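Written below as structure tokens is the structure these notes are about.
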Protein chains: 2
Amino acid sequence: MSEFDRAVEVSAGHADETYVAELAAGWEIGGGINGGLMLAMLGNALGQALRGDRRLDPFAVSGYYLSPGVAGPAEVTVQVLRAGRSMSTASASLRQGSAERLRALATYGDLDAFVGEVRTSASRPDIPVPERCVTAEHAPPDMPRPPILDRLDLRLDPAHAGWVAGRPSGVGAMRGWLRMADGREPDPSLLLFAVDALPPVTFDLGLFGWAPTLELTVHIRARPAPGWLLVAAHTVNVAGGFFEEDAEVWDSAGRLVAQSRQLARVPRG
Amino acid sequence: MSEFDRAVEVSAGHADETYVAELAAGWEIGGGINGGLMLAMLGNALGQALRGDRRLDPFAVSGYYLSPGVAGPAEVTVQVLRAGRSMSTASASLRQGSAERLRALATYGDLDAFVGEVRTSASRPDIPVPERCVTAEHAPPDMPRPPILDRLDLRLDPAHAGWVAGRPSGVGAMRGWLRMADGREPDPSLLLFAVDALPPVTFDLGLFGWAPTLELTVHIRARPAPGWLLVAAHTVNVAGGFFEEDAEVWDSAGRLVAQSRQLARVPRG
């Protein structure tokens, strides 16, 4: 079993639609367990609760972050709101003891059941090949290295990685190639994590420090092909102490497979 | 009291955090009551439930649409998930009889309490003045005129209003000036409605018919100035029977006051 699948694993708990899980220290970043990883864990429980006799994929998942996740036991509860013929919607909650970490709403369905015309006017960003991108090895030795970096093979576009050397571009973008260090191939579940796996776009504005997410919504638009994912994020509105971060995930076949937006706090520096 | 305030009014119900309301026929569009209006009604209940002794505004609201709203009585229930010093998060549900219409998660706070630097790199679209835009009066007499149009003063950018005369631009955008027909000035509550008040961007692609929303998330980024709102929406990914629609709302002072994204079904034509 891959590191990612172990990290988001949930097992049937003491009651219907209740699952037990464990948040692992190896996925810490900034102020706690990575938010995309907790969303993927919730997504895993949602997929199990909604599945029935068909395979179900996330179409849309919206998570509201209530408190930082810490390494240790967790419990996930799912409440089905509407079980439809082609799509089902549910609410899910991730708790540790008495503290709720994350509440989400989500709609699930079978991505392969909706075969429609593809009219993507967005274009995949043109960034250098992975071999010419910036890795964690390029960071100064005194820069903190969160444990999550060991799980990832992340190659950042040099155009927005100047912050590694103290020269942020000022644009508010972050782009890079992403795959899992242990070779685990992408699927819809991994995309819930991938949208939030890059450093925050605020680094490219010279605003360093943890940027806690208030809300993160992910739309999964297609089942990804194996291989590298290209993740491209940017912000256009840093204001009033918050910023939005939009991310697109493109697969190795050049398809736009996920879109996300989050609202996060500007780091306090 | 304005038409909008009457339409989103909620009154204390039989239990704590329960509100009674009425969905009004004058806000119908396509397959039911306008989705943004139902979100604003939920928002109104959330604001009352979370208020305490301070004014609270929506920061982020995510609604999942479960069934179409119809004219008639409705009930809203709110569950507070986290009541914080500067921000509070809650879940809310809009029901009619035994049918749930809309479930939402939301974070509220005081927009005036977060005074931070404004670095908006998005630019306000440059569209013709309202007097040179397209109104409902320009539509062919045989085009259905949903009742909601009587509540709005909507002036569409001619560049993406060719569909009115059967010549969609093919870009997938929709932009226009918006104010309420009765002069009700914008505030954060009205912004929850404004993001979803334009015709769907799919019209500009020649895809006509109702485009039901699965999920709509709105971020309110500033208190809007009085006067016209400029709403600009577009899609970059029509695929697998769904499309995302991103909207920006700019106020008369030129500030980006709201950002939204929704996932909707492509009209079946």
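Quick notes on this one:
- With an a/c value of 1.5 or above and a/b not larger than b/c for the gyration tensor axes a ≥ b ≥ c computed over the alpha-carbon atoms, the stretch A:27-138 is described as oblate.
- Taking all protein chains as they are arranged and a probe of 1.4 Å, the heavy atoms of B:Arg51 leave approximately 110 Å² accessible to solvent.
- Using a 7 Å Cα-to-Cβ projection, B:Val115 label spacings across copies, nm, ascending: 6.0
- The 3J(HN,Hα) values that the Karplus relation (6.51, -1.76, 1.60; θ = phi - 60°) gives for the stretch A:142-158 are, in residue order, 8, 7, x, 10, x, x, 4, 4, 6, 8, 10, 10, 10, 10, 8, 4, x Hz. Gly and Pro appear as x.
- For the options A:Phe208, A:Phe193, A:Phe59, a Gaussian network treatment of chain A with springs between C-alpha atoms closer than 10 Å singles out A:Phe208 as fluctuating the most.
- Per-peptide packing, taken as the mean over residues of other Cβ atoms within 10 Å, places B:161-169, A:90-98, B:212-220 in the sequence B:212-220, A:90-98, B:161-169 from highest down.
- Listed values for the stretch B:64-80 are Karplus-derived 3J(HN,Hα) couplings in whole Hz (6.51 cos²θ - 1.76 cosθ + 1.60, θ = phi - 60°), namely 10, 8, 9, 7, x, x, 10, 4, x, x, 9, 10, 10, 10, 10, 10, 6, and x replaces Gly and Pro.
- For chain B, convex hull volume per residue from C-alpha positions, Å³: 132
- Spacing of the two label points (7 Å from each Cα toward its C-beta) at B:Ser123 and B:Ser252, in nm: 2.5
- Close amide H partners of A:Arg101, meaning residues 5 or more places away or on another chain with modelled amide H under 5 Å apart, are A:Leu94, A:Arg95, A:Gln96.
- Shortest-first nm distances, A:Gln48 label point to equivalent points in other copies (7 Å, Cα→Cβ): 4.0
- Remark on B:Leu152: its backbone amide H falls under 5 Å from those of B:Ala181, a criterion applied only to residues 5 or more positions apart or on other chains, H modelled at 1.01 Å from N.
- Rounded to the nearest whole angstrom, the semi-axes of the ellipsoid equivalent to the stretch A:1-92, taken from the Cα gyration tensor as √(5λ), stand at 23, 14, 12, largest first.
- Accessible surface for the stretch B:59-113, divided over its residues, is 33 Å² per residue with a 1.4 Å probe.
- Cα-based radius of gyration for the stretch A:118-223, normalised by 2.2 N^0.38 Å, reads 1.12.
- Per-selection Kirkwood Rh - the protein assembly as shown (Cα, Å, 1 d.p.): 23.5
- Estimated from the Cβ-Cβ distance and a Förster radius of 51 angstrom, the FRET efficiency linking A:Arg55 and B:Glu137 is about 0.55.
- Calculated label separations, B:Ala12, copies of the chain, 7 Å along the beta-carbon direction, nm: 4.6
- Remark: relative contact order (chain B) = 18 percent; criterion is Cα-Cα distance under 8 angstrom and separation of 6 or more residues.
- Heavy-atom accessible area for A:Met87, with the other protein chains in place and a 1.4 Å probe, reaches approximately 30 Å².
- Distance from the stretch B:151-169 to the stretch A:1-28 (C-alpha centre basis), Å: 50
- Helix A:35-50 vs. chain A, principal-axis angle (Cα, 0 to 90°, nearest 10): 20
- Couplings 3J(HN,Hα) of the stretch A:190-196, computed from phi: 5, 5, 4, 7, 4, 4, 10 Hz, in residue order, whole Hz [Karplus 6.51 cos²θ - 1.76 cosθ + 1.60, θ = phi - 60°; x for Gly and Pro].
- Student exercise, chain A dipole from Lys, Arg, Asp, Glu Cβ charges, in Debye to nearest 20: 440
- Point-charge dipole on Cβ atoms (K/R +1, D/E -1) for the stretch A:120-269, about Cα centre, debye to 20: 100
- Extension gain, A:Arg145 to A:Ala12, is 44.4 nm, computed as 0.36 nm per intervening residue step minus the present C-alpha separation.
- Long-range tail of P(r) for the stretch B:89-129 (Cα pairs > 16 Å, %): 68
- Relative contact order (percent, whole number), the stretch B:102-213, Cα cutoff 8 Å, 6+ residue spacing: 23
- For the protein assembly as shown, the Cβ-based charge dipole about the Cα centre amounts to some 220 debye (Lys, Arg positive; Asp, Glu negative; other atoms uncharged).
The values are calculated or read from the model by the stated rules, or taken from the named source; none is laboratory data. What you are looking at is a predicted structure, and each value in this text was computed from that prediction instead of being measured. Cβ: placed from backbone, ideal geometry, glycine included. Neighbour counts: every protein chain shown. With ligands, DNA and RNA removed, areas are computed over all heavy atoms of the protein, side chains included. Shrake-Rupley method; radii C 1.70, N 1.55, O 1.52, S 1.80 Å.
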